[in-house]
Amino acid sequence: MSTARPDEPVTRLVRRGPVTVAPTVTLRELSEVLVREEVGVALVMQDAVAVGLVSERDVVRAVADGHDIDDDRVEDVMTFEVVAIDSRETITAAAEQMLDGEIRHLLVSDGEQSLGVISIRDVLAAHRAA
């Protein structure tokens, strides 16, 4: 459970660097990474640049739409817009950005460096602890 307070920097919620995958990995390979790393989202990287995010929810939606998990790739289902928050912003600012953008995950960055990905669950835990 988070011991961070909503007025603290969002970096207090970052537990590790982002889990990354290439856009060309299959949905099965992505699923294996998410399970192994015990995360719900991966940052999609190409040539050391973040080009998207892909979540377990994206995989479920793809399966429901008839995608083949052994043939279709992350690039076929990922979200291309990577929404980030500056590491110096507060947890409350992250909550507002998530609500305004109707998103569940935010990339926390310090300039060009990706520090990690936080989820709405992380933000809610901080607000609950306050």
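The values are calculated or read from the model by the stated rules, or taken from the named source; none is laboratory data. In this text the structure is predicted, and so the values were computed from the model without any measurement. Note: ideal-geometry Cβ built from the backbone for every residue, glycine included; neighbour counts use all protein chains shown. Just the protein is used for accessible areas: all its heavy atoms, side chains included, with ligands, DNA and RNA removed. Shrake-Rupley method; radii C 1.70, N 1.55, O 1.52, S 1.80 Å.
Report in % the part of the accessible area of the range 12-116 that belongs to carbon and sulfur, leaving out ligands and nucleic acids; probe 1.4 Å.
Carbon-and-sulfur percentage of accessible area, whole number: 45.
Where does the charge balance sit around residue 88 when Lys and Arg score +1, Asp and Glu -1, over other residues with C-beta under 13 Å from its C-beta?
Combined, the nearby Lys, Arg, Asp and Glu give -4.
Report which label in (1) 23, 16, 13; (2) 27, 15, 12; (3) 29, 17, 10 holds the value of semi-axes √(5λ) of the Cα gyration tensor in Å derived from the coordinates of this structure.
Among (1) 23, 16, 13; (2) 27, 15, 12; (3) 29, 17, 10, the one calculated here is (2).
Would you please give the FRET efficiency between residue 100 and residue 7, computed as 1/(1 + (r/R0)^6) with r the Cβ-Cβ distance and R0 = 25 Å, to the nearest 0.05?
With R0 = 25 Å, the Cβ-Cβ based efficiency is 0.85.
What net charge is computed for the residues neighbouring residue 19, neighbours being all others with C-beta under 13 Å from the C-beta of residue 19, Lys and Arg scored +1, Asp and Glu -1?
-2
How charged is the neighbourhood of residue 35? Take every other residue with its Cβ under 12 Å from the Cβ of residue 35, and add Lys/Arg as +1 and Asp/Glu as -1.
-3
Could you report the range 43-130's accessible area per residue, 1.4 Å probe, as an integer in Å²?
60
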